[in-house]
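Notes to accompany the following structure.
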Amino acid sequence: MLKYNKVWQSLKNIYHFFQALAANLYYGFPARRLTVIGITGTDGKTTTTSMIYHLLNQAGFKTAMITSVEARFGQSKMATGLHITSPDPFWLQKTLRSMVDQGITHLALEVTSHGLDQYRVWGVDFKIAVFTNVTQEHLDYHHTWDNYLNTKARLLKDVSLAILNRDDKSYKNLKLKAKNLNVKAISYSITDQRAEFTPKKIDLKSNLPGEYNLSNSLAALSAVNSLGVPLKQAKVYLSSFKLPKGRMEEIKTKLDFRIFVDFAHTPNGLKQALTSLKDLKGKTSRLMAVFGSAGLRDHNKRPVMGQVAGDLADVVILTAEDPRTEDVNQIISQINSGIKNKKTQVIIEPDRAKAIQKAINMAQKHDIVGIFGKGHERSMCFGKREIPWSDQSQVKKALAKRSKK
């Protein structure tokens, strides 16, 4: 079965290559007239891409960005909040052509392993490759972490600079690959002073939540500094940066507890998000986590996510997150199998709207409710159908119902 899947994937990739070639020929290889910064990694891509876009714009560059949340250039702003980061080649090349025609000179482009493997970004000449981290994700597609890393590393080909995370286990491997390709590599780190960019070396104090956003900030500052933006100037611009939609997004309420919506959907992402929220709660308050795991995706991460949530949250409510054609109860059971902490209260509620309502109804004074996995997304997949969905809207509905009671 695995051999058949590999053959089928190879045939599909050949199709994707010719599709990308046709798109580039039709639109005249527009990326050749842009300075493109490619940002890849398991977590933090959208935030880092958005930071680079913000910093370059503030510095006076005519900049555009394409992320899993939105595409921005000039006066144009397009939502992209479905289940894909690197878009279809024809849409991408058409959009790049529009950017060039409007005088855009720089592009911050979020890049996935699927996008690299399936030639969706073929024909894009990347100048800088930024790596956030490479942790467990998409093993349903890549099968092993090494395959996943090697696919991410394709972004190194033909770039002039690689920006690597010295705190991540991918660092040594990527640094060696960059060396073999004669690509200059610099690094950033939260604590390792061997890196070129550290908070101590550049006197950086982030006003964003979580260590992971400090790491994202270092990556973004490294990128724009390499393009000529002075660090002192860039740090001033960074102070006005706002996190993208669905990234540690606080939903305001008049009640005496706090609610956050975040896209965390990997073990590492969930750990980082819960750790940040745990720092906000008091000794007597509770941290509540509402999340699930996507169907037809990496099964191995499910119990790991359960373990992470069980170790960090006081209350875990397991629910749906794009079950697709899988049984949502089976997905929840696999997540639940990883929860070993007997002090953690576990609630099973497959209906995501009801799960959110339960969390809001249960929340007491100073509690913190984290709702994870959907973030910015505007739909949820059941079977083969995309149903309109918004965690933010559901939270507001749940707050209204609680207020009425």
Within the range 344-359, name every residue whose backbone N is under 11 Å away from a label modeled 7 Å from Cα of LYS405 along the Cβ vector.
357-359
Kindly provide the helix-only [θ] at 222 nm of the chain, computed as the sum of -39,500 (n - 2.57) over DSSP H runs of four or more divided by all residues, to the nearest 500 deg cm²/dmol?
-12500 deg cm²/dmol
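Please work out how much length the chain gains when fully extended from LEU25 to LYS283, using 0.36 nm per residue of separation minus the C-alpha to C-alpha distance, in nm with one decimal. It would help to have the intermediate numbers written out before the result.
Values: separation 258, 0.36 × 258 = 92.88 nm, distance 6.08 nm.
Taking LEU25 through LYS283 to full extension adds about 86.8 nm, to one decimal.
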Theoretical gain in end-to-end length, HIS299 to HIS366 [0.36 nm per residue, Cα-Cα removed]:
20.7 nm
Candidates ASP125, ASP88, ASP203, ranked by Gaussian network fluctuation over the chain, Cα under 10 Å, top entry
ASP203
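Let's test the formula: R0 of 22 Å, r as the Cβ-Cβ distance of LYS184 and ARG154. What FRET efficiency results, to the nearest 0.05?
Working: r = 18 Å, r/R0 = 0.80.
Step by step, r from the Cβ atoms, then E = 0.80.
Just so you know, all these numbers are worked out from the coordinates, no wet-lab data involved. Not measured: the values here are computed from a predicted model. FYI the Cβ positions are ideal-geometry reconstructions off the backbone, even for glycines, and counts take in every protein chain you see.
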